[in-house]
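See below for the structure under consideration.
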Amino acid sequence: MNDKHNVLPLALVGTGVVIFSIGDVIFKILTSLGIFWWDFLVFGVPFEVLVILLITGISNNFDKQKCYDELMPRRLFFPILRGFLGIIAIAAIFMSLKNLPLSLTTMLIQTTPIWMSIIAFFSYQEKPNFITLISVLLGMIGIIFIVNPSFEGINKFLIFPIIVAIVNALMNYIITKRSDDAKPLSYALILFIVNGLIGLIIWTYFGMQVPSIYQISLIALCGILGSVAFIFVTYGYSMAKGHFARTGVMTYIQLPSSIILGILIFNESPTLFAYFGSCLIVLAGIIVINNGKLK
């Protein structure tokens, strides 16, 4: 495989997580407006599905058979399982953003590559190479500098971004190792449909509260950004066969982008340690891209 194809999965995942950072900003604003995660699923998923259908149609010249082949999974179990995992992730990210700063939430979600590496370590198909392990280590050291951990007054809500990280790792593993079960757009579509159906059930149970026009506008924007980000990340991991852990290191890019957004929008004030930690994380991503053992 040539260098272009080696770098493309990394670029797709890196771009996707930056878009996710922007979506997280809107998520945090929505939580301050009294929107719950099931409200987002009910009113945001239709926009996500619309984006998937439009992209599928455009890329296939709106040929019905080609669109059908693109969106219909070959096997349903893992796409549906990934959809259920997505419910856990969306609920946990809402709880985290509602109760924690954006930057701290993102810092803890950055443990995703660590969980990915642990999963990869136990996979007979892939063993992380030395460069990948060094990159992950650099990223984790950067996170330690940013968090500057103290055991005084530990917030119980810190568990939620960790849950997001673990679920993200499992979802990424599925799309990487079960890429033959469904195409990337199919994986994304099934995920959104499962999310929407479960969200509708929970929304109905809690009284069917209808958001305002302003809230729906933010939900729609977040849904569109989320679907685009999912497509980038899904394509990236589906192309990363044999390089699951290495590609996962690119999610570290989300951290500096979230810190910048937190400063500009929420007046969060990271310390000098946080800036140094971000530099280490960016360095980890650069090492991955320049890994001479890319195959």
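Nothing in this text is a laboratory measurement; each read-out follows from the coordinates by a stated rule. All figures in this text were calculated on a predicted structure; none of them were measured in a lab. Heads up, the Cβs are rebuilt from the backbone with ideal geometry, glycines too, and the neighbour counts pull from every protein chain shown.
In the chain, helices alone account for a calculated mean residue ellipticity at 222 nm of -25500 deg cm²/dmol, with every DSSP H run of four or more residues adding -39,500 (n - 2.57).
Ordering Ile141, Phe27, Thr176 by the projection of their Cα atoms onto the charge dipole of the chain, which places +1 on the Cβ of Lys and Arg and -1 on the Cβ of Asp and Glu, puts Thr176 at the extreme positive end.
What's the exposure ranking of Glu268, Glu48, Glu70, going from fewest to most Cβ atoms within 10 Å?
Arranged by neighbour count, lowest to highest, Glu268, Glu48, Glu70 become Glu268, Glu70, Glu48.
Long hydrophobic helices in the chain: the complete DSSP H runs spanning 30 Å or more by Cα along their own axis with mean Kyte-Doolittle hydropathy of at least -1.0 are 3-32, 37-59, 77-99, 184-205, 213-238.
First measure r as the distance between the Cβ atoms of Ile260 and Phe122, then evaluate 1/(1 + (r/R0)^6) with R0 = 51 Å and state the FRET efficiency to the nearest 0.05. Plugging the Cβ-Cβ distance into 1/(1 + (r/R0)^6) gives 0.90.
Given a cut-off of under 8 Å on Cα pairs at least six residues apart, what relative contact order in percent is computed for the chain?
Values: 432 pairs, mean separation 121.6, N = 295.
Relative contact order comes out at 41 percent.
Spin-label model, Ile29/Ile88: points 7 Å from Cα along the beta carbon direction are separated by 3.1 nm.
Neighbour counts of C-beta atoms inside 10 Å place Ser186, Ser59, Ser227 in the sequence Ser59, Ser186, Ser227, starting with the fewest.
Indicate the gyration tensor shape class of region 155-199 (rounded, prolate or oblate), computed on the Cα atoms with a ≥ b ≥ c the square roots of the eigenvalues: a/c under 1.5 is rounded; otherwise a/b larger than b/c is prolate and the rest oblate. Cα axes put region 155-199 in the oblate bin. Assign one of three labels to region 1-129, namely rounded, prolate or oblate, based on the Cα gyration tensor with a ≥ b ≥ c the square roots of its eigenvalues; rounded applies when a/c is under 1.5, prolate when it is not and a/b is larger than b/c, and oblate otherwise. Oblate. Counting beta carbons within 10 Å around each of Cys67, Cys279 and listing the fewest first gives the order Cys279, Cys67. Considering the values (1) 28, 26, 16; (2) 32, 22, 18; (3) 26, 24, 21, which represents semi-axes √(5λ) of the Cα gyration tensor in Å as calculated for the structure under consideration? The value computed from this structure is option (1). Extension gain for Ile134-Leu272 works out to 47.4 nm (0.36 nm per residue, less the C-alpha to C-alpha distance).
Only four residue types carry charge here, +1 at the Cβ of Lys and Arg and -1 at the Cβ of Asp and Glu. Report the dipole size of the chain about the Cα centre in Debye, rounded to the nearest 20. Display every interim value, and only then the final one.
Working: 17 positive and 12 negative charges, 128 e Å.
Charge dipole of the chain: 620 debye, to the nearest 20.
The distance between label points at Asp180 and Leu283 comes to 4.1 nm (points 7 Å beyond Cα on the Cα→Cβ vector).
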